[in-house]
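Q: Just dropping this structure here.
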Amino acid sequence: QVQLVESGGGLVQAGGSLRLSCVASRSIFSGNIMGWYRQAPGKQRELVAYIDSRGNTYYAESVEGRFTISRDHATNTVHLQMNYLKHEDTAVYYCNRYPVFPYHNWGQGTQVTVSS
C-alpha cells in the first residue's frame with residue numbers, strides 16, 4: 001500500500017525548533033528522491049527541501065541555513081529539522097517524492113504554527 005505519514009508538527013514561538021518525520025512505504029522511499037513540501041493558507045504548495053538516496057540535498061532559499069533534511073534508509077523515514085522558525089514558516093508540511101506528479105497521492109500532512 002502506498003503510504004505517507006507525517007508527524008512532529010505543533011505550535012512553537014518564533015526562533016524555536018521542530019523536527020518533522022515522515023514514514024513512507026517502501027515503494028515510495030526506496031531509490032527515490034524524497035522531499036518536504038508545505039502549503040500555507042491561501043497559497044500553493046511549495047517545495048521546501050529534498051534529499052536523494054546518496055544524501056545530496058537541496059533547500060529552498062527561504063529555508064537555507066535553517067532547515068536540515070535527512071533520511072533513514074533502515075526505517076524508510078525522512079526528517080526535517082527546522083531551526084530558527086519564523087512566522088512565515090507556518091503551513092501544513094507534507095513529504096513526498098521529488099518530483100511529484102498529479103497522480104501521486106499525498107499524506108495528511110502535519111501542521112506547523114509559528115507564533116510571532
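The values are calculated or read from the model by the stated rules, or taken from the named source; none is laboratory data. Quick caveat: nothing in here was measured; it's all calculated off a predicted structure. Glycine also receives a Cβ, built like all others from the backbone with ideal geometry; neighbour counts cover every protein chain displayed. Just the protein is used for accessible areas: all its heavy atoms, side chains included, with ligands, DNA and RNA removed. Shrake-Rupley method; radii C 1.70, N 1.55, O 1.52, S 1.80 Å.
Q: Skip the ligands, DNA and RNA, and give the accessible area per residue of the chain with a 1.4 Å probe, whole Å².
A: Here the per-residue accessible area is 55 Å².
Q: What 222 nm value per residue comes from the helices of the chain, counting each DSSP H run with n ≥ 4 as -39,500 (n - 2.57) and dividing by all residues, nearest 500 deg cm²/dmol?
A: -500 deg cm²/dmol
Q: Starting from the Cα coordinates of the chain, work out the convex hull volume and express it per residue in Å³.
A: Residue-normalised Cα hull volume stands at 94 Å³.
Q: Then there is this: Considering only protein heavy atoms, with the full assembly of protein chains and a 1.4 angstrom probe, order Arg38, Arg19 by accessible area, largest first.
A: Arg19, Arg38
Q: Between Ala40 and Ser116, what is the label-point separation in nm under the 7 Å Cα-to-beta-carbon projection?
A: Each label point is offset 7 Å from its Cα along the Cβ direction, giving 1.0 nm.
Q: Any idea what the dipole of the stretch 1-77 comes to, in debye rounded to 20, about its Cα centre with Lys/Arg Cβ at +1 and Asp/Glu Cβ at -1?
A: 100
Q: In addition: May I ask you to give the percent of accessible area on the chain that is carbon plus sulfur, with a probe radius of 1.4 Å?
A: 47
Q: Within the stretch 94-116, whose backbone N sits under 19 Å from a point 7 Å along Cα→Cβ of Ser27?
A: From the stretch 94-116, the list is 95-108.
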